[in-house]
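Report on the following structure.
The values are calculated or read from the model by the stated rules, or taken from the named source; none is laboratory data. These numbers were taken from a predicted model, which means no experiment stands behind them. Cβ coordinates were reconstructed from backbone atoms using ideal geometry, including for glycine residues, and neighbour counts include every protein chain displayed. Side chains are part of the model used for accessible areas, which takes the heavy atoms of the whole protein and leaves out ligands, DNA and RNA. Shrake-Rupley method; radii C 1.70, N 1.55, O 1.52, S 1.80 Å.
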Protein chains: 2
Amino acid sequence: MLAARRLPGLAARTSSVAAAAASPAVPHPAIRIAASRATLVTQSPPSPPRQALAFPCVDRLDERQRALEQGPEPMYEKVVQGYEVFETSEPLEMRLGGRLDGFRIAYETWGTLNAARDNVVLLHTGLSASSHARSHAKNPHPGWWESFIGPGLSIDTNKFFVICTNVIGGCYGSTGPSSPDPSDGKPYATRFPILTIFDMVNAQFKLLDSLGIRRLHASVGSSMGGMQSLAAAAMFPDRVGKLVTISAAARSHPYSIAMRFAQRQVLMTDPNWNRGFYYSGVFPHVGMKLARQIATITYRSGPEWERRFGRIRADPSAYPTFCADFLIETYLDHQSEKFCLTYDPNSLLYISKAMDMFDMSQLATRQDAPVDAASSAGGPATWEGTLKALTAGMSTIQMPVLVLGAQSDILFPIWQQKEIADTLKRAGNSKVSYYELDALYGHDTFLVDQVNVGSAVKGHLEIA
Amino acid sequence: MLAARRLPGLAARTSSVAAAAASPAVPHPAIRIAASRATLVTQSPPSPPRQALAFPCVDRLDERQRALEQGPEPMYEKVVQGYEVFETSEPLEMRLGGRLDGFRIAYETWGTLNAARDNVVLLHTGLSASSHARSHAKNPHPGWWESFIGPGLSIDTNKFFVICTNVIGGCYGSTGPSSPDPSDGKPYATRFPILTIFDMVNAQFKLLDSLGIRRLHASVGSSMGGMQSLAAAAMFPDRVGKLVTISAAARSHPYSIAMRFAQRQVLMTDPNWNRGFYYSGVFPHVGMKLARQIATITYRSGPEWERRFGRIRADPSAYPTFCADFLIETYLDHQSEKFCLTYDPNSLLYISKAMDMFDMSQLATRQDAPVDAASSAGGPATWEGTLKALTAGMSTIQMPVLVLGAQSDILFPIWQQKEIADTLKRAGNSKVSYYELDALYGHDTFLVDQVNVGSAVKGHLEIA
């Protein structure tokens, strides 16, 4: 049907110039079909029987669903291999209530720990990243910051011992909703307690304790990792020598919360999500795919897509479709399909919620600011109160700090990085470097822009 | 369960200061739980049996679904009443192929048509608006531009005869996917042909013909309405006296296409959507609600939400939930629930796709630019080619033009309004007024900002 409908207007258009001249108002010459409609009435062939449009994307999802119903797919458990594991039976009390009766942290390292154990760079990850930041003997696949870590690179493994962990709540080896609950051996699912960025950092410092690492040379992170590095520096100021926070925020703002809310909603309305108990059922493939499509839109920038995809259609001669049609749409479709089976849906829920809840003013004490540090995200009512609480929550961060952001970032807009830098200065920190990057790649700049991000980080880590 | 888990960390926190002092590293004083964990190990009460989180939002959607299955709801057909109807058996040939064998246009008018019939302002609507721009005797409910139209107002009904139509493809009285196909009397559903902005305008000018209106004083529109007003001016240059285009674009850019793609995808994956044939079945309530949530995020701005909602939670003392929790989330939930039963899902698909396909360079002739004016949205490959084609497609627009945009608009970013103005100037138009609004309301500025938008429009319409 589609083939038959390709460019069906062409034949009519060729004979319409004379008709246009005869019409009462002479329109733009390109609108010949419109102008000639009156004369076409009697010429029009009878309409063919109407057929509905085709929806290949819906067909494919149905097919995929049927395949998933046949049995389990290779999924996120197998995505990452070759990491080390720290395991403890010590409980992890969650900041907002509940606890884990013991937990595991998956981690990987690069470089060599020196005798003084003071050359450690702790690298924190974004929402969906594993501990695999860089390839190594046990896992030769490129890591998510492959070109930033290594001999002579941004984080120089000739100098530093780099540790990267999978966060608590994740699905790449650390304890998360897909892990067995010791009480019955079944996955926690949505029995997992609500998680905060502060809980992730606490777990990471338990790992450092176990490795005998008292003090970090630096805490480094981007995106949610930049929230963790901020939190680590404030929570353990005498254990963090330098701080790097890239494309992050001191508190999530409502626009980013809205974007993550939309992702959670599309996931949770997939019936296969089953209130989180899908581990022995069918994977909520459709919900995860849709969630990732929304996420992907927030990770890049309009100007980048304008240059990369413009308005080019996958098949410019095809009759338009509501399924992926423009290149930008096929890109979103492909990216989300590629991702959706490699990450645990419940991890997405818990970790994205932890990002929403993040607010450094929660580290302020009652005396410092009129905010209840114990409340989840109540926060003060006035703007002055907000700034005061934020400053109080970040007042222990007095080490050298590098704050980086990209002007094209929609998810963590540049004013949020400026807010970090300004707040630190207001709190009396005189060693804050703040760079705005005129980069095209939006939030993902930290993954892509080795030239700008890479050298700023190197300079900050290595300067005396 | 939730009540019992409220602020469960409080008890532990009160006794933790001494423990913190004894811990090897003294962290920030607010992180007393973290520091005292080691000492808490033996003190911790045994964990209660784990319970899963509650998901009231999923429960509500299930409930809503069951209610919808009981029978049809009052829906979009009844939302708007009291409009006039233009009906013709003349076919509407669609620009990209296919046709309607006759069509209806719902419209409303305000003010009085003068004897010369030359005081007409044609007002074009955005995606989901009806012809009800302003209240009147037959429909006293406030319209979508209530405060902009009336005696002495922005569009002065003492001077002008204002016409507003529901677009072809809509569901408020004009022919759209929910209308009966004359061939069998059943709704077109997805048998409706793919629609373009140019087709909408063609249908509107058929209405003008029927009213004996040869020439408009002005063509005025915002958002998709600003695409229509641009198209009308280019297609019928000798029938349009002045042009106003607000928060619009000369061509949709990939970021806005991506945002609408995500909306279509969540709708189309609702099984009740049923490839568009839901009119005698169950309404795809969930898909529509999710689509509207995404849309709402694109209509406003981060800074507005920062001021309006900040990080305030609906119930700051409640244990966090993945359902609506922050005020911004309850706002999105409420807005989308309110909207989703009042608009036809297939109209959303067809009209949002028409916006994606919109590109004024398609009005360029072959001689003017290296672009196939007949191709759906192929477009030229180079940047110079893009500009040349766009200029050629807009070359007939030589009447006075007002271009307005809001700097906080994410969906139709300000560079797109600047592109309209620059292109018109490049095409030789010396009567282009271009204003950038420092407004907080993002894309919705045109609905809200009567002070700035209202007076700019009035000045343009009334100046000699």
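For region A:378-399, indicate whether the set of residues that are in a strand (DSSP E or B) and either within 14 Å of chain B (Cβ to nearest Cβ) or of a type outside the set (V, I, T) (or both) is non-empty.
No, because not a single residue in region A:378-399 is in a strand (DSSP E or B) and either within 14 Å of chain B (Cβ to nearest Cβ) or of a type outside the set (V, I, T) (or both).
Rundown of residues vs (1) out of contact with any Gly (no Cβ under 9 Å at 6 or more places or on another chain); (2) within 30 Å of A:H253 (Cα to Cα); (3) more than 7 Å from every other protein chain (Cβ to nearest Cβ), yes/no style:
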| position | (1), (2), (3) |
| --- | --- |
| A:R300 | no, yes, yes |
| A:P303 | no, yes, yes |
| A:R311 | no, no, no |
| A:C323 | yes, no, yes |
| A:L327 | no, no, yes |
| A:S336 | yes, yes, yes |
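Can we say B:S178 is in a helix (DSSP H, G or I) and either in contact (Cβ under 8 Å) with a residue 12 or more places away in the chain or at negative phi (or both)?
no
Restricting the search to region B:37-76, which residues are out of contact with any Lys or Arg (no Cβ under 6 Å at 6 or more places or on another chain), assigned to a loop (DSSP other than H, G, I, E, B) and either under 30 Å from B:H141 (Cα atoms) or at pLDDT 80 or above (or both)?
Result: B:Q51, B:L53, B:A54, B:Q70, B:G71, B:P72, B:E73, B:P74, B:M75.
Just to be sure, is B:I213 within 18 Å of the chain's Cα centre (by Cα) and aliphatic (A, V, I, L, M)?
Answer is no for this residue.
Yes or no: A:V201 farther than 21 Å from A:E93 by Cα and of a type in the set (A, V, I, L, M, F, W, C)?
Against the criterion (farther than 21 Å from A:E93 by Cα and of a type in the set (A, V, I, L, M, F, W, C)), A:V201 does not qualify.
Out of the residues in region B:77-93 meeting the condition of being surrounded by 15 or more Cβ atoms within 10 Å (Cβ to Cβ) and under 23 Å from the mean Cα position of the chain (by Cα), tell me which one is modelled with the lowest pLDDT.
Ranking the qualifying residues of region B:77-93, first place goes to B:V79.
I need the full set of residues from region A:96-113 which are open to solvent by 10 Å² or more (accessible area, probe 1.4 Å) and either away from chain B (no Cβ under 12 Å) or out of contact with any strand residue (DSSP E or B) (no Cβ under 7 Å at 6 or more places or on another chain) (or both), in order please.
Passing the criteria: A:L96, A:G98, A:D101, A:R104, A:Y107, A:T109, A:W110, A:G111, A:T112, A:L113.
Give the residue, chosen from A:L243, A:L267, that is within 30 Å of B:I312 (Cβ to Cβ), of a type outside the set (D, E, K, R) and not in a helix (DSSP H, G or I).
Result of the check over A:L243, A:L267: A:L243.
Please work out if B:G212 is assigned to a loop (DSSP other than H, G, I, E, B), small (G, A, S), in the same structural domain as B:V448 (by TED's automatic domain parsing) and crowded, with 24+ Cβ neighbours inside 10 Å.
Against the criterion (assigned to a loop (DSSP other than H, G, I, E, B), small (G, A, S), in the same structural domain as B:V448 (by TED's automatic domain parsing) and crowded, with 24+ Cβ neighbours inside 10 Å), B:G212 does not qualify.
The rows are residues; the columns are (1) touching a residue at least 40 places away in the same chain (Cβ under 8 Å); (2) over 30 Å from A:K159 (Cα atoms).
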site: A:Q417; (1), (2): yes, no
site: A:A421; (1), (2): no, no
site: A:A427; (1), (2): no, yes
site: A:Y434; (1), (2): no, no
site: A:D444; (1), (2): yes, no
site: A:V448; (1), (2): no, no
site: A:S455; (1), (2): yes, no
site: A:K458; (1), (2): yes, no
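Can you work out which of the residues in region A:357-397 that are farther than 23 Å from B:D315 by Cβ and surrounded by fewer than 18 Cβ atoms within 10 Å (Cβ to Cβ) is modelled with the lowest pLDDT?
A:Q367
Go through region A:63-92 and give me each residue that's among the acidic types (D, E) and more than 14 Å from A:G176 (Cα to Cα).
A:E63, A:E69, A:E73, A:E84, A:E90
I'm checking my understanding of the structure. Among residues of region A:405-446 that are among the β-branched types (V, I, T) and in a helix (DSSP H, G or I), which one is most open to solvent (accessible area, probe 1.4 Å)?
The qualifying residue most open to solvent (accessible area, probe 1.4 Å) is A:I414.
For region B:250-290, which residues satisfy the criterion of being at the interface with chain A (Cβ under 7 Å from one of its Cβ atoms) and aromatic (F, W, Y)?
B:Y255, B:F261 - these are the residues of region B:250-290 that are at the interface with chain A (Cβ under 7 Å from one of its Cβ atoms) and aromatic (F, W, Y).
Here are A:G185, A:G176: which of them is surrounded by fewer than 24 Cβ atoms within 10 Å (Cβ to Cβ) and small (G, A, S)?
That would be A:G185, the only listed residue that is surrounded by fewer than 24 Cβ atoms within 10 Å (Cβ to Cβ) and small (G, A, S).
Considering (1) in contact with a Phe, Trp or Tyr (Cβ under 8 Å, 6 or more places away or on another chain); (2) buried (at least 24 other Cβ atoms within 10 Å of the Cβ), say which one B:R275 fails and leave the rest.
Result: B:R275 passes all but (2).
When the residues of region B:126-151 are narrowed to those that are among the hydroxyl-bearing types (S, T, Y), part of a loop (DSSP other than H, G, I, E, B) and more than 19 Å from B:Q335 (Cβ to Cβ), which ends up least open to solvent (accessible area, probe 1.4 Å)?
B:S131
Exactly one of (1) of a type in the set (D, E); (2) under 25 Å from A:A456 (Cβ atoms); (3) over 22 Å from the mean Cα position of the chain (by Cα) is unmet by A:E146. Its number?
Exception for A:E146: condition (3).
Looking at this structure, is B:G241 assigned by TED's automatic domain parsing to the domain that holds B:W415 and out of contact with any Cys (no Cβ under 8 Å at 6 or more places or on another chain)?
The answer is yes for B:G241.
Which residue out of B:K425, B:K431, B:K418, B:K458 is charged (D, E, K, R) and closer than 20 Å to A:G302 by Cα?
B:K418 is the lone residue from the list that is charged (D, E, K, R) and closer than 20 Å to A:G302 by Cα.
Looking only at residues in region B:276-330 that are among the β-branched types (V, I, T) and without any contact (Cβ under 8 Å) to a residue 40 or more places away in the chain, which one is nearest to B:D62 (Cα to Cα)?
Result: B:T330.
With the structure loaded, tell me whether A:D199 is over 25 Å from the mean Cα position of the chain (by Cα) and among the acidic types (D, E) or whether it fails that test.
Here the answer is no, as A:D199 does not meet what is asked.
Given the conditions (1) outside any loop (DSSP other than H, G, I, E, B); (2) within 8 Å of another protein chain (Cβ to nearest Cβ); (3) more than 23 Å from A:Y299 (Cα to Cα), which single one is not true for A:A218?
Of the numbered conditions (1) outside any loop (DSSP other than H, G, I, E, B); (2) within 8 Å of another protein chain (Cβ to nearest Cβ); (3) more than 23 Å from A:Y299 (Cα to Cα), the odd one out for A:A218 is (2).
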